[in-house]
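A quick write-up on the structure given underneath.
The values are calculated or read from the model by the stated rules, or taken from the named source; none is laboratory data. Bear in mind that the values here come from a model prediction, so they are computed numbers and not experimental data. We place every Cβ from the backbone using ideal geometry, glycine too, and count neighbours over all the protein chains shown.
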Amino acid sequence: MPELPEVEVSRMGVSQHLKNKRITDVVVRTPKLRWDIPTQELLSLVGKEIIAVSRRAKYLVIETTHGHIIIHLGMSGSLRVIDKLVAIKKHDHVDIVVGDKVLRLNDPRRFGAVLFANKDGQHKVFDKLGPEPLTDAFNEQHLREKCAKRRAVIKLVIMDNPVVVGVGNIYANEALFLTGIHPQTPANQLTKKQISHLVKTIKDVLTAAIKQGGTTLKDFSQTDGKPGYFAQSLFVYGRGGQACLRCEEKLEEVKIGQRASVYCPKCQS
C-alpha cells in the first residue's frame, strides 16, 4: 500500500502539471471504487482553476475555489500525468483533464477512492485524523500524552491515525528499529527519552523516504514511472530471517495487528 512518503512523492510529481491549470473535463469510467464516485459533483469543477495540490494523511487533495477532489490510492493505486490521447489501459478508472494533459488514476484492486469536498475542504474522512508527522504538532509532548494511558504495543499506537497520520507499516518497523524499541513494548512503558527519540526518528525516516522517491515494494512507482529507492535503505522491513545489518543477529518476524513486524532481538531487546 502506498504510504505517506509515496503519496507525498505523488503530490510533488503531479502538482507541477496541475497547479494554476483549468479543469477541462472529468472522465469516470468506473462508478465505484472503495466508495461510490461522486461523478456529478466532480463534473461541477469543469472550468474551474486548480489553485493547489496538497496532502492530508494519505489523501491527495486537488483544490479549486469551488470544491476539492480527494484521491486515495488504496492498496495498489497510482497516478500518471500523461497526454490525453494516450490509450486507456486496464484499471484506468478516472481522468482529471487539464487541457492536453490528464491526471489518470489506475487502481487494479479498486481499494482506492475519489471523493468530493466543498470549497471549505472539509470531508468526513478527515474528521478523526491526528497531526501530520512532519509538522510541529507531532512532538514529544503529544506522543507522550497519547502513550501515557495506552497499554497497546507501541507499534500499533504510532500506526493509529488519531495519534499521528501516515506512519504505515514500513516506516513503523524502520523507526522502531532505529530507536532500539521492541515493537511489542507497551506504549505506557516508554521513557520520556525513548518517546523523544522515536518522534525525531519517525520524522527522519519519513523525510529520507520522500527524498528517495518513496519505497517500491510491489505496486508503488513515482508519477513519472520511476521506482522509489528507499527500499534499498530498509533495515528490517521485509527482511525477516535475514541478518541484522548492525549486529548480524537473525531478524525475527511476528504479526502485530495482522501486519508483519520485523525486529532485531538484540538491537531491540
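The listed residues are 181, 170, and the only one of them that is crowded, with 22+ Cβ neighbours inside 10 Å and modelled with pLDDT of 95 or more turns out to be 181. Considering the conditions (1) modelled with pLDDT of 70 or more; (2) assigned by TED's automatic domain parsing to the domain that holds residue 208; (3) assigned to a loop (DSSP other than H, G, I, E, B), residue 269 is excluded by exactly one of them, (2).
From the list 25, 83, 100, 36, which one is more than 24 Å from residue 132 (Cα to Cα), in contact (Cβ under 8 Å) with a residue 40 or more places away in the chain and out of contact with any Gly (no Cβ under 8 Å at 6 or more places or on another chain)?
On the way: 83 fails: in contact (Cβ under 8 Å) with a residue 40 or more places away in the chain; 100 fails: in contact (Cβ under 8 Å) with a residue 40 or more places away in the chain; 36 fails: in contact (Cβ under 8 Å) with a residue 40 or more places away in the chain.
Being more than 24 Å from residue 132 (Cα to Cα), in contact (Cβ under 8 Å) with a residue 40 or more places away in the chain and out of contact with any Gly (no Cβ under 8 Å at 6 or more places or on another chain) holds for just one of 25, 83, 100, 36, which is 25.
Taking region 249-266 as the range and being of a type outside the set (Phe, Trp, Tyr), touching a Leu at 6+ places or on another chain (Cβ under 8 Å) and not in a loop (DSSP other than H, G, I, E, B) as the test, the residues that pass are 256, 262. Among the candidates 104, 110, single out the residue that is part of a loop (DSSP other than H, G, I, E, B) and under 21 Å from the mean Cα position of the chain (by Cα). After applying the criteria, what remains is 110.
Looking at 164, 157, just one residue is crowded, with 16+ Cβ neighbours inside 10 Å, among the aliphatic types (A, V, I, L, M), free of Cβ contacts under 8 Å to residues at least 60 places away in the same chain and not in a helix (DSSP H, G or I), and that residue is 164.
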